Amino acid sequence: MCGIVGVVGSRRTKEILLTGLTKLEYRGYDSAGILVAQPESYYLKKTAGRVAELKKLTDSLNSEGTGIGHTRWATHGEPTEENAHPHLSKSGRFGLVHNGVIENFEQLKKDYLSDIYLTGETDTEVIVEVVDYFSRQGQEGFEAFSSMLKVTEGSYAFALIDLENPEQIFLAKNKSPLLIGIGTDCHLVGSDAMAMIGETDRFVEIMDGERIILSASEMKIFNAANEEIKRDFYLAEIDANDTEKGLYPHYMLKEIDEQPSVMRKIISTYTAENGSVAIDEHLVEKIAKSDRIYVVACGTSWHAGLVGKKMIEELANIPVEVHLASEIGYDMPLLSERPFFIFISQSGETADSRQVLVKVNELNLPSLTITNVKGSTLSREAENTLLLHAGPEIAVASTKAYTSQIAVMLYLAKAIGDYKNLKLAKSFDIAHELGLVASAMDTLVSEKDKLAEISRDYLLTTRNAFYIGRGLDYAVSLEGALKLKEISYIQTEGFAAGELKHGTIALIEKDTPVLAIITGEDTASHTRGNVKEVESRGAKTMVIAMEGLQKEGDQIIIPELHALLTPLATVVPLQLISYFACLQRDLDVDKPRNLAKSVTVE
């Protein structure tokens, strides 16, 4: 959830660090800092708040040297300047940045630091002092760093500078993302390729348990057995221009508007020249031979999984269970005889999902990751990967990744159904139907003025709201409610429409906003009955209906689509309503409080 960036061998170190940290702002953070070191001097600057404040602190400082920088999302200790990274040991010798959570930091304090007074509240401050402890026992810098790793338990990505030898950075990772970037006459390190993409498109993966010595001219990678490893770089498929807002005021609005083009990108990527699905047949065969699919995800990706479940069951005729990663990781259900696991994650770094994947791999069960990030941890560690091809998603509130996840699962469902020669799948023209979705999205994103007016009318002053629907509309209600609550801070709940009368209708008061989604022909009249129920108790209702099911007074009409694909369209006005609700309340659209884009701690 935090962000790391570092560089060795550049004359533009400060600029690279600050630019990289700015690009990592989307991950969510509450403080930031940099350490820049030369053979005879160094400076350390950090602050609570935004990278913009850090830039002011470093305006007059030199740029050349070896540097590490960090944006922090608080896990241990409040978001203060004192708790911000980098942390410098009391001796002044070692500077450290860290992502993750150290599980045994209290024991480390007792075992090694009984004579050290710690001024902060973070586990990272403990770690840098443990490195210093081993150096005081006569160990050289990298040896002391390695000794610290042997006694440390938990998740981490470490970047450490020994100020007695500031022409190197020491790196290590376990369960937390970290990449090496190969620049021109320099090497870089970052927790995300986007932090470095302006400097290089060549990256080297770091695996769990590895330690690295990084200098301007070389990298030395060692495994846990202290054996040196050689590893080739890979090219990142990211255009630096994709990470910029362009003329848009916010990333979220840009990413909402990109959804029609992303749908067309997915169509071109996953449709073969003969019209069949372009997914590896060996993967399709493995899934087709399973007797149950277990989808594992968190947050928005979990909501996408709920939609994907319906698609797979309808087109591929395989039962699907959708599980929250944070729950199934500690409460694995009774598995079927031939299970197959699908992990859905925008970043591919979601810690809750990864700890489930570790257990799945220990059981030697087949797995697939559906992610937006090539080379991410979940992608590397699962047997198979399908990429979203959505382009970088910067705003914390996911939009285009959600719709891409659904579209890719639709292609997967179609491929399995075709392999099994199922009639419904064979008759389903996926490229045509998704093309209609892209056109519907084009129509909906053009209705911004109307949706801004709806948002102001319904949500400007309310403290709470409800979204309701049945079937796939219920799944979209959950996602719409999450979008609204996470960026506007309106207490919003998504409910199965028929469940309101089983208790929750007690919360309906005069002018409580209730938004209903109606796209299912079989359930439309039932949901309209639920709308009348809440109206009779004073609710202020709004209806999103699909063309053909609309009635006079419905506020938003969705172009008619295949029943399985309606979630891809109905979610778009909900995304825009959330965007405008946040904007109208003068809140930070792209970086809502307390949240992080990539959740890399459990």
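What's the number of the condition residue 84 fails, among (1) modelled with pLDDT under 85; (2) of a type in the set (A, V, I, L, M); (3) part of a helix (DSSP H, G or I)?
Of everything listed in (1) modelled with pLDDT under 85; (2) of a type in the set (A, V, I, L, M); (3) part of a helix (DSSP H, G or I), residue 84 misses just condition (3).
Just to be sure before I move on: is residue 252 over 30 Å from residue 569 (Cβ atoms) and either among the hydrophobic types (A, V, I, L, M, F, W, C) or touching a helix residue (DSSP H, G or I) at 6+ places or on another chain (Cβ under 6 Å) (or both) in the structure I sent?
Here the answer is no, as residue 252 does not meet what is asked.
Please find, within region 1-20, the residue that is modelled with the lowest pLDDT out of those that are assigned to a strand (DSSP E or B) and within 27 Å of the chain's Cα centre (by Cα). Full working, then the answer.
Of the residues in region 1-20, the ones assigned to a strand (DSSP E or B) are 3-10.
Narrowing the set further to residues that are within 27 Å of the chain's Cα centre (by Cα) leaves 3-7.
Working: 3: 84, 4: 91, 5: 94, 6: 94, 7: 96.
Ranking the qualifying residues of region 1-20, first place goes to 3.
Counting residues that are within 22 Å of residue 8 (Cβ to Cβ) and under 27 Å from the mean Cα position of the chain (by Cα), which strands (runs of 3 or more DSSP E) fully inside region 194-256 reach at least 3? Please lay out each step first, then the result.
Working: elements: 202-205, 211-214, 219-222.
Correct list: 202-205.
Within region 21-69, how many residues turn out to be among the basic types (Lys, Arg), in a helix (DSSP H, G or I) and modelled with pLDDT under 85?
Let us first name the residues in region 21-69 that are among the basic types (Lys, Arg), namely 23, 27, 45-46, 50, 55-56.
Subset that is in a helix (DSSP H, G or I): 23, 27, 55-56.
Narrowing further to those that are modelled with pLDDT under 85: 23, 27.
Of the residues in region 21-69, 2 are among the basic types (Lys, Arg), in a helix (DSSP H, G or I) and modelled with pLDDT under 85.
Which residues, counting only those in region 498-524, are within 12 Å of residue 465 (Cα to Cα), crowded, with 16+ Cβ neighbours inside 10 Å and out of contact with any Lys or Arg (no Cβ under 9 Å at 6 or more places or on another chain)?
Passing the criteria: only 515.
For region 362-384, enumerate the residues that are within 27 Å of residue 483 (Cα to Cα) and at pLDDT 95 or above. Spell out the reasoning first.
Looking only at region 362-384, we keep the residues that are within 27 Å of residue 483 (Cα to Cα), and these are 368-374, 376-379.
Hits for region 362-384 are 368, 369, 370, 371.
Does residue 388 count as in contact with a Phe, Trp or Tyr (Cβ under 8 Å, 6 or more places away or on another chain) and at pLDDT 95 or above?
No; evaluated as a whole, the condition is false for this residue.
Does region 394-422 hold any residues that are among the aliphatic types (A, V, I, L, M) and within 12 Å of residue 288 (Cβ to Cβ), and which are they?
Within region 394-422, the first condition is being among the aliphatic types (A, V, I, L, M), and the residues that meet it are 394-397, 401, 406-410, 412-413, 415-416, 422.
Selection gives 412, 413, 415, 416, 422.
Please enumerate the residues belonging to region 215-235 that are farther than 17 Å from residue 149 by Cα and among the hydrophobic types (A, V, I, L, M, F, W, C).
Correct list: 216, 219, 229, 233, 235.
Take the residues of region 100-157 that are among the polar types (S, T, N, Q), assigned to a loop (DSSP other than H, G, I, E, B) and closer than 20 Å to residue 80 by Cβ: which is nearest to the chain's Cα centre (by Cα)?
We begin by selecting, within region 100-157, every residue among the polar types (S, T, N, Q); these are 104, 107, 114, 119, 122, 124, 135, 137, 139, 146-147, 152, 155.
Adding the requirement that they be assigned to a loop (DSSP other than H, G, I, E, B) leaves 104, 114, 119, 122, 137, 139, 152.
If we keep only those that are closer than 20 Å to residue 80 by Cβ as well, we get 119, 122.
Details: 119: 33, 122: 24 Å.
Here the answer is 122.
Residues that are part of a loop (DSSP other than H, G, I, E, B) and of a type outside the set (S, T, N, Q): does region 301-317 have at least one? Talk me through it step by step, then tell me what you get.
Taking region 301-317 and keeping what is part of a loop (DSSP other than H, G, I, E, B), we get 317.
So of that shortlist, the ones also of a type outside the set (S, T, N, Q) come out as none.
For region 301-317, residues part of a loop (DSSP other than H, G, I, E, B) and of a type outside the set (S, T, N, Q): absent.
Determine which member of the set 456, 470 is buried (at least 20 other Cβ atoms within 10 Å of the Cβ), at pLDDT 95 or above and under 28 Å from residue 401 (Cβ atoms). Walk me through how you get there before you give the answer.
Working: 456 fails: buried (at least 20 other Cβ atoms within 10 Å of the Cβ).
Only one candidate passes the filter, namely 470.
Considering only residues of region 183-207 that are in contact (Cβ under 8 Å) with a residue 24 or more places away in the chain and β-branched (Val, Ile, Thr), which is surrounded by the most Cβ atoms within 10 Å (Cβ to Cβ)? Break it down into steps so the answer makes sense when it comes.
Within region 183-207, the subset in contact (Cβ under 8 Å) with a residue 24 or more places away in the chain is 183, 185-199, 201-207.
Next, from what is left, pick out any that are β-branched (Val, Ile, Thr): 189, 197, 204, 206.
Working: 189: 27, 197: 22, 204: 19, 206: 22.
Selected residue: 189.
The values are calculated or read from the model by the stated rules, or taken from the named source; none is laboratory data. As the structure is a prediction and not an experimental result, all values here were calculated from the model. Positions of Cβ are generated from backbone atoms using ideal geometry, with glycine treated the same way; all protein chains shown enter the neighbour counts.
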